[in-house]
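To start, the structure under review is shown below, and the notes come after it.
We did not get these values from a lab; they are worked out from the coordinates using the rules stated. Source: prediction; values computed, not measured. Because the Cβ atoms are built from the backbone with ideal geometry, glycine has one as well, and the counts that use them run over all protein chains shown.
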Amino acid sequence: APQAYYLDESNYPVAVMENETTYLVEVQNERVMVYIRVRKFDSHTLLPLAGARFQILEDTSDQEGASQARSTAREVLEELVTDAEGQARTSRPLPVGSYRLVEVAPPPGYSSGEEQNFQIDRDSDCIILDGSYKALDLQAGNQPVQLEFSKKTLTGEEELPGAYLALIDQETGAILDEWVSGHNPHAISCLLVGKTYCLREIKAPPGYALSEDMVFTVKDTESVQSIEMRDGLTRVVLQKQDEDTKEPLSNVGFEIRDEEGKPIEFVRKEDGVYLWKALSTKGDKSSLVTDAQGRITIRGLPAGTYTLVETQLPQGYLRPQKPSVLTVAAGASEESPCTFCLENKKSSLTIRKVDAITNQPLEGAVLDLFNQKGRKIQSGRTDSRGLLTFTGLSPGDYTVREADAPQAYRKSDEQLKISIDEYGQTQGELVFKNTPEGAPPTGESPLAYILGPAFIALAGLIILLLFFLQRRRTKA
């Protein structure tokens with residue numbers, strides 16, 4: 001039969017006569033015209049898949065100068081969409097020729113299948129549809145879209161357990177899945193190709209900083225797509241400094257306590273950074289102490305609220321009246337650490353120098369300060385207000401003595417005994433008194449000092465008057 005027609009296998013009787021008469025015998029051939037049926041199914045379960053969109057194109061790849069594009073308007077012969085049974089059929093039969101079946105949109109949650117090239121000719125293996133239609137049956141399996149979500153540290157390749165994660169539709173904000181990371185990646189299937197999603201960390205594992213959202217678009221591939229989110233340790237920096245000068249304070253000891261009042265343990269690493277002991281397999285417990293820059297750097301402290309207690313005061317500084325509250329944010333990362341500046345005020349002791357009689361301030365008195373061992377540690381001179389302040393004193397007992405009195409005043413032998421606690425509170429007399437030269441010693445009545453000479457003069461006058469009266473009587 002001709003190339004584009006089916007072979008007519010019918011028998012036609014022909015009688016051969018002796019005369020030369022010619023008989024015409026007509027033989028009709030059916031033209032090859034075939035419908036196309038496409039069946040779409042899950043490659044794993046073999047269940048039918050609805051919603052796959054196909055295009056049937058004329059194959060022009062063997063024609064000189066033909067476009068190699070996947071599809072053009074000129075080449076598209078028909079577009080098919082599979083129904084609930086995973087099937088689609090052309091609306092009209094196709095003649096003999098070379099064609100391509102191209103999946104332009106996979107079923108939701110599946111990757112696109114491979115392009116199929118097929119041939120229609122009289123030898124094509126066809127099926128009969130609806131009892132009379134010849135059709136070429138094409139089958140196309142699809143792989144579901146597969147993604148694996150991993151939670152890892154910044155430097156390691158092992159899975160990091162304990163992170164609370166959520167998969168969110170970027171467009172609607174709907175939460176599609178939630179899970180806690182374990183020792184294996186979390187698998188999710190059948191996400192939509194070309195759609196954008198967000199991987200969000202709700203809560204980081206203890207000691208790790210909360211990661212930023214990861215936004216990704218699902219690719220059209222049969223391969224497993226890996227999405228990795230990595231967490232770094234939290235970073236906290238404590239800075240200790242002088243309240244007035246802002247100079248760093250070294251060698252200050254701290255203890256960090258949780259909400260139940262239990263101390264948190266740390267290990268000091270070789271680089272001087274302190275690591276939460278629960279995250280360290282090596283090293284002994286170490287106390288937190290500020291370095292030469294007045295700084296303590298901590299990694300791996302879980303997010304939460306803590307209490308900072310000073311266990312070792314800087315020399316000459318007061319203990320804060322109440323412990324500081326330390327709040328570690330969930331996002332306290334290496335790039336954005338939680339920094340806390342803590343200040344200490346120097347301890348001070350102010351002595352007031354006054355006139356013992358008038359209580360007026362006295363300038364110029366030289367006072368010495370002795371510690372409890374009797375060693376002179378500071379010395380100074382009172383100002384115009386009669387004040388002298390000693391600073392940088394550690395808690396303890398002190399004695400103040402006068403080394404040189406103000407001009408026209410007697411040097412005092414008095415000693416002031418004073419105690420200072422770690423909060424700067426003092427006990428003892430803070431006023432030093434001086435008596436003017438020629439005045440009675442401290443403790444005698446100033447009134448007697450003023451009226452004494454007057455009484456003496458009056459007594460002399462009385463005696464003199466009595467003497468003259470006695471002489472007049474004698475002469476009489």
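Each of LYS203, LYS152 was scored by other Cβ atoms within 10 Å of its Cβ. Arranged with the fewest first, they read LYS203, LYS152.
Counting alpha carbon pairs within less than 8 Å and at least 6 residues apart, what relative contact order, in whole percent, applies to the chain? Relative contact order comes out at 9 percent. Count Lys and Arg as plus one, Asp and Glu as minus one, and take only other residues whose Cβ is under 12 Å from that of VAL180; the net charge is then -2.
Mean sequence separation of contacting Cα pairs (under 8 Å, at least six apart), scaled by the length of the range 348-434, corresponds to a relative contact order of 32 percent.
With both residues required to sit in the range 146-231, DSSP beta bridges show an antiparallel share near 75%. Taking other residues whose beta carbon is less than 10 angstrom from the beta carbon of GLY97, and scoring Lys, Arg as +1 and Asp, Glu as -1, yields -3.
Taking the Cα centre of the range 144-276 as origin and assigning +1 to Lys and Arg Cβ atoms and -1 to Asp and Glu Cβ atoms, the resulting dipole is close to 100 debye. Magnitude of the charge dipole for the chain, about its Cα centre and with charges confined to Cβ atoms of Lys, Arg (+1) and Asp, Glu (-1), is about 6320 debye. Could you tell me which of ASN117, VAL96, LEU47 has its Cα farthest along the dipole of the range 33-142 towards the positive end, charges placed at Cβ (Lys, Arg +1; Asp, Glu -1), taken about the Cα centre? Final value for the positive-end residue is LEU47. Based on the convex hull around the alpha carbon atoms, the range 146-231 presents an average projected area of 5.3 nm².
From the Cα gyration tensor of the chain, with a ≥ b ≥ c the square roots of its eigenvalues, which class applies: rounded if a/c is under 1.5, or else prolate if a/b is larger than b/c, or else oblate? Cα axes put the chain in the prolate bin. Among THR153, PRO206, GLN170, which residue has its Cα furthest toward the positive end of the charge dipole of the range 146-231, with +1 on Lys/Arg Cβ and -1 on Asp/Glu Cβ? Of the listed residues, the answer is PRO206.
Note on SER132 and GLU148: the extension gain reaches 0.9 nm, defined as 0.36 nm multiplied by sequence separation minus the Cα-Cα distance. Here LYS195 is the anchor, and the lysines within straight C-alpha reach of less than 17 Å, apart from those fewer than 8 places off in the same chain, are LYS219.
Cross-link partners of LYS345 among aspartates and glutamates, defined as those whose alpha carbon lies under 13 angstrom from its own and excluding same-chain residues fewer than eight positions apart: ASP242, GLU243, ASP244, GLU247, GLU422.
Of the residues TYR133, PRO263, VAL215, the one whose Cα sits farthest toward the positive end of the charge dipole of the chain, with +1 on the Cβ of Lys and Arg and -1 on the Cβ of Asp and Glu, is PRO263. Taking other Cβ atoms within 10 Å as a rough exposure proxy, TYR164, TYR197, TYR35, TYR110 sort from fewest to most as TYR164, TYR35, TYR197, TYR110.
The overall shape of the range 33-142 is oblate: from the C-alpha gyration tensor, with semi-axes ordered a ≥ b ≥ c, the ratio a/c is 1.5 or greater and a/b is no larger than b/c.
Antiparallel beta bridges, as assigned by DSSP with both residues in the range 33-142, represent about 75 percent of the total such bridges. By DSSP, the beta bridges lying fully in the chain are antiparallel in about 75 percent of cases. Pairs over the 25 Å Cα-Cα cut-off, from the set LYS152/LYS203; LYS285/LYS373; LYS322/LYS376; LYS269/LYS346; LYS151/LYS240; LYS152/LYS277: LYS285/LYS373; LYS322/LYS376; LYS269/LYS346; LYS151/LYS240. The ellipsoid equivalent to the alpha-carbon distribution of the range 235-344 has semi-axes of 21, 15, 14 angstrom, derived from the gyration tensor eigenvalues as √(5λ) and listed largest first. Only Cα pairs under 8 Å and 6+ residues apart enter the sum, and on that basis the relative contact order of the range 33-142 stands at 38 percent. Helix 446-475 and the long axis of the chain differ in direction by around 10°, with both axes built from C-alpha atoms. When GLU310, GLU114 are arranged by Cβ crowding within 10 Å, least crowded first, meaning fewest neighbours, the order is GLU114, GLU310.
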